[in-house]
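The values are calculated or read from the model by the stated rules, or taken from the named source; none is laboratory data. Given the structure is predicted, the values throughout are model-derived calculations rather than measurements. Cβ coordinates were reconstructed from backbone atoms using ideal geometry, including for glycine residues, and neighbour counts include every protein chain displayed.
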Amino acid sequence: MTYDERLASLADCWRMLPPGGLLCCLDTPNRLWHVDRHTSHLPFFHWLPDPLAVRYARFSPYAPLRRVLGDFKPTPGNEEQLIRAGRGVSFHEFELAIAPVADLNVVSCRNNALVWRIKAGLPNDDDDGFMRSLMRLSPDAHAAWFFPRLDLIIEKPAHR
């Protein structure tokens, strides 16, 4: 999806969801993460502006992405191809389309046990420090927003 399509889709899904309903986001690459393990397989790729990402994609070890972008020139067509190939998502789209992240009730995430371990400061792997840094930057956001992939369920309030 393009950015506008994604925002419209999220807003429409939320609007059509009945009070108390659940919005699921599963296995979606997190644009805040430091390595793009979905589209380019390059470090910090999600953080690049689209025109620069199109150019930089020539270094991707992922052949399907290189084939899609062809000449690696940042044209509107190539930028759309890159976006549709997958630029990840972050809590920012949810805030723009639905509500501030602090108001979104994340009722579950695939990584509930790991969330507990990270909040408790227990070691797990090398990415824990990065996740803790992201969580410190957005303390009002549920920890599920800071994993390499977004795997979470948001409950629509029953009273709205």
Looking at (1) in the same structural domain as Cys109 (by TED's automatic domain parsing); (2) modelled with pLDDT of 95 or more; (3) not small (Gly, Ala, Ser), find the lone condition where Tyr56 falls short.
(1)
Residues that are assigned to a helix (DSSP H, G or I) and surrounded by fewer than 12 Cβ atoms within 10 Å (Cβ to Cβ), drawn from segment 60-76
Ala63, Pro64, Arg67, Pro76
Identify all residues within segment 29-53 that are in contact with an Asp or Glu (Cβ under 6 Å, 6 or more places away or on another chain), crowded, with 17+ Cβ neighbours inside 10 Å and touching a residue at least 24 places away in the same chain (Cβ under 8 Å); write none if there are none.
His46
Across segment 89-106, what is the number of residues that are in a helix (DSSP H, G or I) and either touching a residue at least 60 places away in the same chain (Cβ under 8 Å) or surrounded by fewer than 20 Cβ atoms within 10 Å (Cβ to Cβ) (or both)?
9
Extreme residue, farthest from Ala63 (Cα to Cα), among residues of segment 1-43 that are assigned to a loop (DSSP other than H, G, I, E, B) and of a type in the set (Val, Ile, Thr)
Thr2
Which condition does Ala11 not pass, out of (1) at pLDDT below 95; (2) more than 13 Å from the chain's Cα centre (by Cα), if it passes all the others?
(1)
